[in-house]
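Q: Okay, here's the structure, questions in a sec.
The values are calculated or read from the model by the stated rules, or taken from the named source; none is laboratory data. Note that the coordinates shown come from a computational prediction; the quantities given were computed from them, not determined experimentally. Heads up, the Cβs are rebuilt from the backbone with ideal geometry, glycines too, and the neighbour counts pull from every protein chain shown. All accessible areas refer to the heavy atoms of the entire protein, side chains included, with ligands and DNA or RNA removed. Shrake-Rupley method; radii C 1.70, N 1.55, O 1.52, S 1.80 Å.
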Amino acid sequence: MHGQQVTTQTFDYTVSFQTSGGYELRIENDYTLHTPHGSWNFSPEPSNADSQELAALADQRIEHAAVSSDGTLTVTFATGSELHVQASPSYEAWTVAGPRGMKVVCMPGGELATWKATDT
């Protein structure tokens, strides 16, 4: 996802970000957004669609995405904002899906399930 731009945001009972390179980040757990202007905690509910802080992520470029050993996903944007999604003990917290079937799912407890992209 490095260097890609957020092109679409979707809010239902998950939060989804699609990128210019064909990736999708889907969040199904509580998450935190840190910006140069403050920090906000969110849950994956449709009511967050009105958040100015989340709306500001539209069209931003992703600088870096990383997963820690406990399953926490951190996405850093060009503006310095960071999105943090911790693993859940009970359900899948987040998914990153990419081109040609690539997928990483944060399983309950933080273990990662991965599928590599196919060659075709």
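Q: Can you spot a residue in region 58-70 that is open to solvent by less than 20 Å² (accessible area, probe 1.4 Å) and either in a loop (DSSP other than H, G, I, E, B) or not hydrophobic (A, V, I, L, M, F, W, C) (or both)?
A: Within region 58-70, none of the residues are open to solvent by less than 20 Å² (accessible area, probe 1.4 Å) and either in a loop (DSSP other than H, G, I, E, B) or not hydrophobic (A, V, I, L, M, F, W, C) (or both).
Q: Okay, moving on. Working carefully through the options Gly22, Gly80, find the one that is assigned to a loop (DSSP other than H, G, I, E, B), closer than 17 Å to Gln9 by Cα and touching a Pro at 6+ places or on another chain (Cβ under 9 Å).
A: After applying the criteria, what remains is Gly22.
Q: Restricting attention to region 77-87, does a residue exist that is out of contact with any strand residue (DSSP E or B) (no Cβ under 7 Å at 6 or more places or on another chain), within 12 Å of Asn29 (Cβ to Cβ) and open to solvent by 20 Å² or more (accessible area, probe 1.4 Å)?
A: yes
Q: Could you list all residues from region 92-120 that are part of a loop (DSSP other than H, G, I, E, B) and within 16 Å of the chain's Cα centre (by Cα)?
A: Those that are part of a loop (DSSP other than H, G, I, E, B) and within 16 Å of the chain's Cα centre (by Cα): Glu92, Ala93, Gly98, Met102, Met107.
Q: Would you be able to tell me the number of residues in region 89-120 that are of a type outside the set (A, V, I, L, M, F, W, C), open to solvent by 60 Å² or more (accessible area, probe 1.4 Å) and within 21 Å of Gln18 (Cβ to Cβ)?
A: 6
Q: Give the residue, chosen from Thr72, Thr14, Thr32, Thr19, that is within 21 Å of Trp115 (Cβ to Cβ) and touching a His at 6+ places or on another chain (Cβ under 8 Å).
A: Testing whether each residue is within 21 Å of Trp115 (Cβ to Cβ) and touching a His at 6+ places or on another chain (Cβ under 8 Å) leaves just Thr72.
Q: While we're looking at this one, here's another question. Under the condition of being at pLDDT 90 or above and of a type in the set (Val, Ile, Thr), which residue from region 9-55 is nearest to Ala87 (Cα to Cα)?
A: Selected residue: Ile27.
Q: Which residues, counting only those in region 25-57, are farther than 20 Å from Met1 by Cβ, part of a loop (DSSP other than H, G, I, E, B) and open to solvent by 30 Å² or more (accessible area, probe 1.4 Å)?
A: Matches in region 25-57: Asp30, Pro36, His37, Ser43, Glu45.
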